[in-house]
Each structure stands twice: as structure tokens, then as C-alpha cells.
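Student: Just dropping this structure here.
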Amino acid sequence: MPASPIAVLALHIIDSRAPQDVQAQLERNTDAVFAPVDNVDDPIRSAVLRCGTLQYRLTLTLVSVLARGNGFRLDVAVFAHEARADEQALLRHAQAWIGVWTHGLRILPGPQPGEGSASRLQALAGAWRAAEVPLGQIATMQHSILQAMRDGATLATAHKEGGSNIRFDGRRYEHTEYGENESIRHYASDAQFLDFLRQFFDYETSRHVWPARVPEVDAWRLILRRVRPPGGGVAAGGSANSGALARLSSPGAAAVAVALLAALGLSCLKWQPKADAMRADRQPVPVHRLPAGPPAGPENRDWQRLQEEHRHAIDTARTAARPH
């Protein structure tokens, strides 16, 4: 990774969920493991992502425990490996991907300095560490995946030529491909199904280091994050308030505010007005957009349908670059 970022961004998140559940959502959105940075006891988790010629370091920090929810800061550093002929184009690319990774979070002012309970913060940090212990055990994660599938959970992908759905039909595991290459395959045993999952999601779990591979424990953790329980409400391995983006459909469930936008030698005029709008206490606007253009605002459309369409856009963006 280059020594200096071309741009940095800090987002403040106010969320009622536990730290491990916010972490689970980010891991599902990014296909990257957020790991402890230095001291495992610190409430800080970081991940490195790669998209095209840009590399990103995302760092999630639990900073406060407030009456209205837990306060987090998500720091994003953007790095370029090649000469920057068009810096604005690079920043537009970065903006689009950050929009994918933080989708579902809404804009609200961040906490005041010193606000919150120090003892509660320490307790949540301890619970966060404890929640990560099963994520270091491949057999435990595989069991969670199989149990979730038998309870009605699904996995899915989508791309411009079609997509796939994976489920348990009551007797065996079923993988259906739709679109240009329609097919149905079945796996009678747990072992066969797990082998299929690992191969099928090989690229998705290692997309940020491809053609290298992430450690097996990280691969299974990211597969677990992709499991959708019935209704799409909660990611496997999380609590009743965690997981898939549908849990953020209620107004006020989560909030994001731009706290800092520093361009290092760059002009970020397209980003700065959104921060100005937040500080002026005007109607919040989405911080980021998907590359192909976002759907209309949730106030004008059915929110559940919006979530499904945006989820499809996220899956399409992820799989478009998958090697064939």
C-alpha cells in the first residue's frame, strides 16, 4: 500500500446495535474482514480493500455509548497505486464504492466530545472481543451456515447475465442458476455442500487480494456473512438487531454524519457540499451514490422494494469483475 493516501474521509455512525453487529454489516457489504489493529483490547477494527487501481483502508472505532445509540467512527483512507492523470475520476470511483460499502446508513450529527458512558463503552468493547471468538473457528462457522440453511436461510448472487439462488429444499441443498446459463444442482450431504460453497465464493472472499487467497478462516467468515435468513432480516451469526441491510429500514435505526473530509492536495468539491448541508442542519442527503445511479429516495418509494433493488445493485457491482 502506498505510504500516503490521496484522500481521507471520516463518517460518524450512531447505531443502536452492538459493535459486532455493525462490524458484521460492514463485512457483508465489503467482502472484507475487519480485524483488530494493534491491541486486541482496543475497540478498533480495520480492513483493506482493493477496487481497480485504488486501495482503501477502512477503520471502525467504537468511540462512545450514548442514550440514542452507540457512537462509531468509520475512517476511510484512499490510496492510488498509479499516476493520477484524472484525480476527480478517481475520487468519483472511490465515492461510488464507499456508497456501496456504507449503504443503509443515514446522516445525523455525530456525538459531542466527551459525551457518553465510559464504563458502558468498556463493557461493549469486551463483548465485541468475545463475539469474535467463534469467528476464528472454521468448524463453528460451517455449522452455523448449515444450521441457518436448514432453518430457511438462503444465499444469492446477481450479475448482468443472471444470477444464482442457494437454499435447502427440505431434503437436500439446491443451487439454481438463472439467466443465460440456467441450471439446477443438488448436494445431498453437508460435506458436498460446504465444498461447493467454498469453491463458488472463492473469488468473492478474496476479491481484494486476487489472485492471491485470504486465509481459510477469513473465507468462511465472509461466506457466513452472506447468509440471509428467511425474510432477509438478520445475518447469520449476528444478534436479533444485526446483519442484513433490511434491518436498517426503520427511520433512525442508524445514522451517519460527515465529520471530516480532508483532500490531500486534491479538489473534492463534489463531496464538500454534502458535508455543508449536514452542518447547516438541512434535510439529510445520501453521502454516496452507486455508479449506475441510485434509486429514488426511500420517502418516495416502498422501502422494502428499494432495499431489494439496491441489494441487487450491490451484488451486480461485486460480481461484474468476477473472473470467468
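The values are calculated or read from the model by the stated rules, or taken from the named source; none is laboratory data. Predicted model only: the values in this text are computed from it and were never measured. Note that each Cβ is placed from the backbone with ideal geometry, even for glycine, and that neighbours are counted across all protein chains shown. Heads up: the accessible areas ignore ligands, DNA and RNA and are worked out on the full protein's heavy atoms, side chains in. Shrake-Rupley method; radii C 1.70, N 1.55, O 1.52, S 1.80 Å.
Student: For ARG226, state whether it is open to solvent by 30 Å² or more (accessible area, probe 1.4 Å), over 30 Å from ALA67 (Cβ atoms), charged (D, E, K, R) and in contact (Cβ under 8 Å) with a residue 24 or more places away in the chain.
Tutor: no
Student: Output the residues belonging to region 28-40 that are closer than 15 Å to ASP75 by Cα and part of a helix (DSSP H, G or I).
Tutor: Correct list: THR30 only.
Student: Give VAL48, VAL63 a once-over and let me know the one that is closer than 16 Å to ALA127 by Cα and open to solvent by 30 Å² or more (accessible area, probe 1.4 Å).
Tutor: Just a single option satisfies the conditions, and that option is VAL63.
Student: While we're looking at this one, here's another question. Quick check on region 58-97: of everything there that is more than 18 Å from ARG28 (Cα to Cα), part of a helix (DSSP H, G or I) and among the aliphatic types (A, V, I, L, M), which residue is nearest to the chain's Cα centre (by Cα)?
Tutor: ALA94
Student: Is there any pair linking a residue in region 8-24 that is basic (Lys, Arg) to one that is open to solvent by 10 Å² or more (accessible area, probe 1.4 Å) and in a helix (DSSP H, G or I), with Cβ under 9 Å and at least six apart or on different chains, and which?
Tutor: So the pair list comes out as ARG17/ARG247.
Student: Let me ask you something else. Out of (1) surrounded by 17 or more Cβ atoms within 10 Å (Cβ to Cβ); (2) at pLDDT 90 or above, what's the single condition that is false for VAL37?
Tutor: Checking VAL37 against (1) surrounded by 17 or more Cβ atoms within 10 Å (Cβ to Cβ); (2) at pLDDT 90 or above, the one that fails is (1).
Student: What tally of residues in region 182-208 results from selecting those that are more than 19 Å from ALA139 (Cα to Cα), in contact (Cβ under 8 Å) with a residue 24 or more places away in the chain and out of contact with any Leu (no Cβ under 9 Å at 6 or more places or on another chain)?
Tutor: Here the count works out to 1.
Student: Looking at region 78-98, which of its residues are in contact with a strand residue (DSSP E or B) (Cβ under 8 Å, 6 or more places away or on another chain) and open to solvent by 10 Å² or more (accessible area, probe 1.4 Å)?
Tutor: Correct list: ALA80, HIS81, LEU90, HIS93, TRP97.
Student: Look through GLN55, GLN20 and report the one residue that is under 19 Å from ARG226 (Cα atoms), open to solvent by 10 Å² or more (accessible area, probe 1.4 Å), at pLDDT 90 or above and outside any loop (DSSP other than H, G, I, E, B).
Tutor: Checking each option against the conditions leaves just GLN20.
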